[in-house]
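Structure first, commentary second.
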Amino acid sequence: SAVISQKPSRDICQRGTSLTIQCQVDSQVTMMFWYRQQPGQSLTLIATANQGSEATYESGFVIDKFPISRPNLTFSTLTVSNMSPEDSSIYLCSVVGLAGATDTQYFGPGTRLTVL
Amino acid sequence: AQSVTQLDSQVPVFEEAPVELRCNYSSSVSVYLFWYVQYPNQGLQLLLKYLSGSTLVKGINGFEAEFNKSQTSFHLRKPSVHISDTAEYFCAVSDHTGTASKLTFGTGTRLQVTL
């Protein structure tokens with residue numbers, strides 16, 4: 001079965017710095033998404049990562065704070081910029097199109113971020 | 001726009017007992033419905049999904065769910081739980097557009113299985 005990996009798996013960062021999270025899939029997919037899961041909360045969609053063009057952000061999320069890249073059909077990055085303790089969350093990528101399934105999102109293992 | 005309500009934030013149950021985790025949704029269009037499980041310190045794993053057809057859907061690890069359109073529900077059930085089922089369970093809905101679009105998640109239900 002296809003594998004979705006994220007790097008780093010966890011990190012502890014200082015306030016004001018930035019962290020880039022990578023999402024790698026071992027086969028081509030049609031869509032990639034980024035979610036945030038704040039402590040004890042459910043998942044909230046940050047944006048849809050579009051290949052070769054700007055990401056589509058959900059209400060409340062902006063490109064300056066969460067720049068996203070998707071250079072090809074298997075890879076995407078999410079950067080959390082100018083971090084504050086409120087950014088401490090689990091960040092998950094999800095993909096659509098694994099094994100031809102266009103109706104289901106599959107999730108990576110997540111990146112657990114703590115901001116001090 | 002859709003919304004998902006998981007009525008129980010926590011469900012304690014003894015091992016080998018049956019369990020039902022409730023999920024209700026609201027949508028003005030046809031939807032796809034999903035249950036995901038999140039084990040401690042892990043990502044989300046797909047348990048099962050309803051796209052169309054039979055309203056009773058069987059998933060992994062002995063779980064099943066029944067789509068009830070009139071009650072706008074998609075409750076998850078297991079006849080006999082195991083300690084290893086202890087996890088957070090999320091119900092989610094997406095538009096019935098033919099391709100997976102934005103998922104809207106419920107707030108989650110923590111299933112705690114004890115001896």
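The numbers here are math on the coordinates, done by the rules we state, and not lab data. In this text, all values refer to a predicted model and were calculated from it rather than measured experimentally. Note that we place each Cβ from the backbone using ideal geometry, even for glycine, and neighbour counts take in every protein chain shown.
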Fill in the blank from the handout: the range A:12-116: antiparallel bridges as % of DSSP beta bridges, rounded to 5, reads 95
Handout entry: Ratio of Rg to Rh over chain B (Cα coordinates, Kirkwood Rh, two decimals)
Key = 0.96
Handout entry: Inter-label distance for residue A:18 and residue B:42, nm, one decimal - labels placed 7 Å from Cα along Cα-to-Cβ
Key = 3.4
Exercise for the section: With viscosity set to 0.890 mPa s and temperature to 25 °C, compute the Stokes-Einstein D of chain A, Rh being the Kirkwood radius across alpha carbon pairs; µm²/s, no decimals. Expected result: 174
Problem - Ellipsoid semi-axes in whole angstrom, largest first, where each is sqrt(5λ) of the Cα gyration tensor of the protein assembly as shown - result: 29, 21, 16
Handout entry: Burial ordering of A:32, A:83, fewest other beta-carbon atoms within 10 Å first
Key = A:83, A:32
Completion exercise
With +1 on the Cβ of every Lys and Arg and -1 on the Cβ of every Asp and Glu, the dipole magnitude of the protein assembly as shown about its Cα centre, in debye rounded to the nearest 20, is 160
